[in-house]
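These notes are about the structure you will find just below.
The values are calculated or read from the model by the stated rules, or taken from the named source; none is laboratory data. Bear in mind the structure is a predicted one, so any value in this text is a computation, not a measurement. We work out accessible area using only protein heavy atoms, side chains counted, and drop any ligands, DNA or RNA first. Shrake-Rupley method; radii C 1.70, N 1.55, O 1.52, S 1.80 Å.
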Amino acid sequence: MQSDPNAPPINPLPAVVWLLTLPVIAMEAVLSLGERGLAGGPGAVGWRMEAIRDYGFSGQVFDWMLKTGQFPADQLMRFVTYPFIHGSVTHAVFVVVFILALGKMVGEVFRAWAVLFVFFGAAIVGAAVYGLLIDSPVPLIGGYPAVYGLIGAFTFLMWVRLAGTGATQYRAFTLIGVLLGIQLLFSLLFGGSMDWVADLAGFCTGFVLSFLVSPGGWARVRAKIRHR
């Protein structure tokens, strides 16, 4: 069997995946170069802290908005900017890897707008749940809640596929179970923050939203279940 000589060496990624990945890479490159004194002059060393202060999600600010009924745009913006700010190069690299891998799998089935809807929907709900449940002055940063939304969408696709084959649908939740188990283990061994609350909320959001934005939506899922 001959291979196509015109085929690309790697499978191309959906454009929406690059749309989500490149801002993370660009932001981390700027912050890392600043920390190392390679860009921006002496003041650039504090760029990361300034970015976290200005664009990270603050649970305390969220509490203030709920109490006062005031929702200024520059504070609401934090719900969608915090996924692009990370605490270190390693933090950003892991998020990029997850977006590339899961974004490709989800993006090959979902339309581009649906991938964006899941990604940012998970980020917003993850931050809101974190702000409501966790009383911490530490800002929420990083793309994990949004990435967990993509994991939720991937789990949905597996769930539908298993339903169509008659296999046990609980197998679709293997990935999220493993990831949460690893997070729990690391928290017990090394200590950690309560960010997993936002991650879990992001996963649930991605899974639920997939019923609405997947091709065929809820009607397709209901049809598959009826024919089991």
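Solvent exposure of the range 69-151 amounts to 41 Å² per residue of accessible area, where only protein heavy atoms count and the probe is 1.4 Å.
What's the carbon and sulfur percent of the range 88-184's accessible surface, probe 1.4 angstrom, rounded to a whole number? Roughly 73 percent, rounded to a whole number. Each listed q (0.20 Å⁻¹) maps to a log10 I(q)/I(0) for the range 32-186 from the Debye sum over equal C-alpha point scatterers, namely -1.28. Is the C-alpha gyration tensor of the range 69-111 telling us rounded, prolate or oblate? Criteria: a/c under 1.5 is rounded; beyond that, a/b larger than b/c is prolate, otherwise oblate. The shape class here is oblate.
If the segment from residue 73 to residue 132 were pulled out straight at 0.36 nm per residue, it would be longer than the present Cα-Cα gap by 19.3 nm.
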